[in-house]
Amino acid sequence: LQNPMCKLQKLDLSNSDIDKECFSILANGLVKNRKLRSLKLSSILCINNGLRAFSVCLQSPASALTKLDLGQSNIEDKGAATLGRYLGNNSSLKILNLCANKLISEMGWQAFSTCLWNPNSALEELNLCDSSIDNEGIATLGDALGNNKKLKTLFLGSNGAIGAPGWEAFSSCLRNPNSALEKLYISSNKVGSTGIAALGNALSTNTTLSILDLSRATGSSISAGWQTFATCLRSPNSALAELNLSYNNIDDDAAVALGDALTNNTKLKVLNLCHNEQIGTGWRVFFNRLLNPDSALKRLDISHNNIDNEGVAALSRSFAYMRSILSLDLIDNRSITTTGWLVLTTLLQSPISLIKEINIYNNNINDEVLIAFATALADNTKLQTLWLKADGAITLRGWDALSQLLCNKSSIDSIYSSNHTLRNICPEASAPKDIVSSLHLNKNNNKAEVARQKILQHHFLSDRENTNVQEFTR
């Protein structure tokens with residue numbers, strides 16, 4: 001590492017029996033090293049004995065380290081304090097992983113957070129998942145982050161010791177105009193109704209946070225919190241572009257509130273509402289309110305829910321007039337019957353819709369549904385990927401309809417006018433070989449060439465006596 005000719009950029013020493021002396025040797029090598037960018041020291045149980053010696057390299061102006069992984073290493077309060085002290089003046093390290101360090105107490109987090117107060121710190125991404133941070137610890141971190149202008153990404157998932165009061169205190173950093181946070185991942189926490197409400201209120205004035213993962217947010221009386229949280233989606237100040245609310249206790253009232261908030265939202269691009277089984281009739285209202293000609297929503301995940309025929313009908317009506325939607329995930333919505341899926345096919349016939357991917361895997365899909373999809377896709381030039389479960393409910397009759405859609409072999413003209421846009425049926429292994437062959441041809445963006453190849457394959461190359469092949473291939 002001390003050799004100026006060394007070009008090593010990544011080094012993984014995870015799960016190693018490194019002692020204090022080895023840490024000193026490593027630090028000495030890194031002090032003058034200008035090439036190493038990434039260093040993994042995760043799962044080293046004796047790391048506390050060597051952190052002080054190792055941290056010397058973090059003070060070196062020559063250090064090129066930009067990524068350091070110290071996850072699952074049983075770092076204690078003294079180790080956390082050492083890191084905080086040395087990282088405060090480090091101008092190169094941008095990514096730090098401290099996940100699953102459960103021995104750091106409130107005092108340790110207070111000492112570590114001093115680096116976040118220091119304007120010289122270069123940290124842009126910090127992973128503190130599963131680290132037993134409590135209410136006081138998260139409040140201290142929130143105070144530091146309120147004035148930190150560098151940190152953009154923060155992982156705080158699976159910190160069950162943080163309750164609603166802690167999240168309320170933390171939300172103050174989101175209200176601070178100096179905060180630079182752009183991505184916040186706080187899944188699998190006991191946020192509680194008041195904590196969720198506090199985060200929503202803070203985000204109503206926040207202009208930097210674009211990605212929020214608030215999945216698996218547990219707590220009592222949480223529905224009221226979601227209704228308050230939805231207000232941030234109404235705010236013109238909100239920068240939220242991706243929002244994950246999966247695996248939550250969102251009910252009909254909260255779903256309606258979210259739909260109302262999205263009526264005039266022009267920022268949100270990705271919304272995940274999967275596994276919110278408490279929503280029933282609320283889906284109808286949600287989809288009706290979602291219709292927004294200025295919407296930026298591109299991907300909607302509503303898989304593993306209880307959407308019914310009326311709900312999917314409302315979805316079809318709204319999305320038929322929304323140009324923004326490109327991907328729709330409806331996995332495992334078994335309350336939708338054949339009637340509902342037939343209504344969904346009208347969405348594929350809309351000249352306005354630009355949907356490229358639909359996932360209806362693990363649903364009640366039969367021949368009638370697949371035939372209806374094939375019919376709807378006859379003039380569709382947008383859909384590229386269709387996920388469906390090809391179980392016993394789909395027989396040769398259904399597959400034949402899809403095969404005819406992709407390559408109608410009855411004449412050259414019919415092949416030319418076949419669907420050359422659909423390129424993926426997932427899982428591919430479930431589809432017949434002729435369909436897979438047509439899909440592979442469709443992956444060519446030159447659709448004139450796709451049509452030519454299909455015509456050659458079925459009207460020339462299969463006829464050995466035909467003498468016009470040379471002429472046609474020119």
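Does Leu383 satisfy the condition of being at pLDDT 95 or above and open to solvent by less than 10 Å² (accessible area, probe 1.4 Å)?
yes
Going by what's in this entry, would Ser316 be described as assigned to a loop (DSSP other than H, G, I, E, B), under 15 Å from Leu383 (Cβ atoms) and without any contact (Cβ under 8 Å) to a residue 60 or more places away in the chain?
No: the conditions fail for Ser316.
Please pick out the residue among Leu291, Leu300 that is in contact with a Leu (Cβ under 8 Å, 6 or more places away or on another chain) and not small (Gly, Ala, Ser).
Just a single option satisfies the conditions, and that option is Leu300.
For the condition over 25 Å from Ile331 (Cα atoms) and open to solvent by less than 20 Å² (accessible area, probe 1.4 Å), what is the one hit in Ala254, Ala217, Ala198, Ala224?
Ala198
Looking at segment 29-77 only, could you name the residues that are touching a Gly at 6+ places or on another chain (Cβ under 6 Å) and either open to solvent by 50 Å² or more (accessible area, probe 1.4 Å) or assigned to a helix (DSSP H, G or I) (or both)?
Residues satisfying the conditions are Asn48, Leu51, Asp77.
Here's the yes/no breakdown for (1) among the β-branched types (Val, Ile, Thr); (2) open to solvent by less than 60 Å² (accessible area, probe 1.4 Å); (3) closer than 21 Å to Ser179 by Cα; (4) part of a strand (DSSP E or B):
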residue	(1), (2), (3), (4)
Ala81	no, yes, no, no
Tyr86	no, yes, no, no
Ser92	no, yes, yes, no
Leu96	no, yes, yes, yes
Asn101	no, yes, no, no
Gly108	no, yes, no, no
Ala111	no, yes, yes, no
Cys115	no, yes, yes, no
Leu126	no, yes, yes, yes
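Which residues, counting only those in segment 428-473, are modelled with pLDDT under 90, of a type in the set (D, E, K, R) and closer than 18 Å to Ser410 by Cβ?
Across segment 428-473, the qualifying residue is only Asp463.
When you scan segment 138-148, how many residues do you find that are within 19 Å of Glu125 (Cβ to Cβ) and in contact with a Gly (Cβ under 9 Å, 6 or more places away or on another chain)?
The total comes to 2.
Find the residue count for segment 149-181, including only residues that are under 15 Å from Asn127 (Cβ atoms) and open to solvent by 10 Å² or more (accessible area, probe 1.4 Å).
Qualifying residue count, segment 149-181: 4.
Can Leu291 be described as aliphatic (A, V, I, L, M), open to solvent by 20 Å² or more (accessible area, probe 1.4 Å) and on the phi < 0 side of the Ramachandran plot?
yes
Within segment 332-361, how many residues are within 29 Å of Asn264 (Cβ to Cβ), under 24 Å from the mean Cα position of the chain (by Cα) and not basic (Lys, Arg)?
The number of residues fulfilling the criteria is 7.
Just give me the residues in segment 245-290 being assigned to a helix (DSSP H, G or I) and small (Gly, Ala, Ser), in sequence order.
If the condition is that a residue be assigned to a helix (DSSP H, G or I) and small (Gly, Ala, Ser), then Ala254, Ala255, Ala257, Gly259, Ala261, Gly282 are the ones that fit.
Let me spell it out: the conditions are (1) of a type outside the set (A, V, I, L, M); (2) open to solvent by 20 Å² or more (accessible area, probe 1.4 Å); (3) more than 14 Å from Ala202 (Cα to Cα), and Asn237 meets all of them except one. Which number is the exception?
Just one mismatch for Asn237, condition (3).
Failed condition for Ile302, given (1) under 21 Å from Leu258 (Cβ atoms); (2) β-branched (Val, Ile, Thr); (3) open to solvent by 20 Å² or more (accessible area, probe 1.4 Å), with all others met?
Failing condition for Ile302: (3).
Which condition number does Ala296 fail, the rest of (1) surrounded by 21 or more Cβ atoms within 10 Å (Cβ to Cβ); (2) part of a loop (DSSP other than H, G, I, E, B) being met?
Every condition holds for Ala296 apart from (1).
Restricting to segment 328-357, what's the tally of residues that are within 23 Å of Pro427 (Cβ to Cβ), out of contact with any helix residue (DSSP H, G or I) (no Cβ under 6 Å at 6 or more places or on another chain) and open to solvent by less than 50 Å² (accessible area, probe 1.4 Å)?
Looking only at that region, the number is 7.
Output the number of residues of segment 10-28 satisfying the condition of being under 38 Å from the mean Cα position of the chain (by Cα) and surrounded by 12 or more Cβ atoms within 10 Å (Cβ to Cβ).
10
The values are calculated or read from the model by the stated rules, or taken from the named source; none is laboratory data. No experiment lies behind these values; they were computed from the predicted model shown. For neighbour counting, all protein chains shown are included, and Cβ atoms are generated from backbone atoms with ideal geometry for every residue, glycine included. Calculation scope for accessible area: heavy atoms of the full protein, side chains included, ligands and nucleic acids excluded. Shrake-Rupley method; radii C 1.70, N 1.55, O 1.52, S 1.80 Å.
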